[in-house]
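J.: Pasting a structure below so you can have a look.
Please treat every number below as a calculation from the coordinates, not as lab data. Note that the structure is predicted; figures quoted are calculated from it, not measured. So basically every Cβ, Gly included, is an ideal-geometry build from the backbone, and we count neighbours across all protein chains shown.
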């Protein structure tokens with residue numbers, strides 16, 4: 001889709017782990033040149049698809065729903081992986097594939113709104129792995145704090161109502177923004193003002209993951225300011241491990 005970015009870094013991350021990733025343009029799926037059920041994972045990268053007009057990810061999501069909704073629902077129901085990073089997360093929210101607390105929704109049940117700072121936040125963040133239904137991050141110890149950068153202007157997750165927000169907050173949060181001591185904290189630790197310091201969530205079945213931080217930008221040690229950690233690699237390793245174990 002026009003306006004995505006980081007697809008090359010994501011491609012290289014999967015390739016380095018011994019898989020056979022492919023670039024697939026939305027038009028190839030719409031025209032039947034490639035089929036969704038030929039893959040084990042759909043990975044939606046970051047960026048500014050369709051210029052983020054209307055809302056971030058809204059146009060990309062509308063095209064997927066209009067032309068590929070049935071195939072995508074079947075893909076998820078069969079246990080395959082969908083992951084969305086930054087703009088990809090925004091797309092999954094707009095499609096109703098996340099939070100999907102009670103299954104995929106026809107209408108969005110949450111929104112990734114403008115950061116409280118009203119600025120584009122592009123910098124490292126610390127996120128804590130939470131115990132959740134997510135099946136593709138089980139390789140990461142619960143409570144581990146990872147350094148993974150963000151790069152977004154619209155990353156503040158808000159929900160349709162307080163009751164729904166609390167239920168998602170209790171069951172489906174995969175990552176939360178924390179300070180250097182591992183505690184929930186406000187800005188700048190929480191870069192956008194997200195409800196419950198949420199940095200990433202999964203669906204009720206645990207095979208769809210959406211997160212704002214960019215793991216592909218923290219895959220190698222040399223991508224990090226301390227030149228030591230490569231925490232983003234674990235996200236890709238978890239996806240591959242889940243697929244290997246299931247198939």
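J.: How large is the helix-only mean residue ellipticity at 222 nm for the chain, computed as the sum of -39500 (n - 2.57) over DSSP H runs with n ≥ 4, divided by its residue count, in deg cm²/dmol to the nearest 500?
T.: After summing the helix terms and dividing by residue count, I get -8500 deg cm²/dmol.
J.: Relative contact order of the chain, please, whole-number percent, based on alpha carbon pairs below 8 angstrom and at least 6 residues apart.
T.: The normalised contact order for the chain reaches 20 percent.
J.: Now a separate question. Post the alpha-carbon centroid distance, the range 54-84 to the range 87-132, in whole angstrom.
T.: 14 Å
J.: At what distance in nm do the modelled label points of residue 160 and residue 179 sit from each other, each positioned 7 Å from its Cα along Cα→Cβ?
T.: According to this spin-label approximation, the distance is 3.6 nm.
J.: Per 0.36 nm of contour for each residue apart, how much would the distance between residue 170 and residue 205 grow if the chain were fully extended, relative to their Cα-Cα spacing?
T.: Roughly 11.1 nm would be gained on extension.
J.: Explain nothing, just the number: relative contact order of the range 1-133, from Cα pairs under 8 Å at least 6 residues apart, as a whole percent.
T.: Worked out over the range 1-133, it gives 21 percent.
J.: Between 103, 155, 210, where does the largest GNM mean-square fluctuation fall for the chain, given springs only between Cα atoms within less than 10 Å?
T.: 103
J.: Highest mean first, what order results for 61-69, 118-126, 45-53, 195-203 on Cβ atoms within 10 Å?
T.: 195-203, 45-53, 61-69, 118-126
J.: Sticking with the crude label model, points 7 Å out along Cα→Cβ, report the distance from residue 114 to residue 67 in nm, one decimal please.
T.: That separation, rounded to one decimal, is 3.1 nm.
J.: Considering the chain as a Gaussian network with a 10 Å cut-off on Cα pairs, which listed residue, 230, 139, 207, attains the greatest mean-square fluctuation?
T.: Maximum among the listed residues: 139.
J.: (1) 0.93; (2) 0.99; (3) 0.95: which one is Rg/Rh (Cα atoms, Kirkwood Rh) as calculated from this entry?
T.: Here the calculated entry is (1).
J.: Hey, another quick one. In a GNM of the chain with a 10 Å cut-off on Cα contacts, which of 36, 127, 235 has the highest mean-square fluctuation?
T.: Checking each option, the largest mean-square fluctuation is seen for 36.
J.: What nm distance separates the two modelled labels at residue 20 and residue 131, each placed 7 Å from Cα along Cα→Cβ?
T.: 4.0 nm
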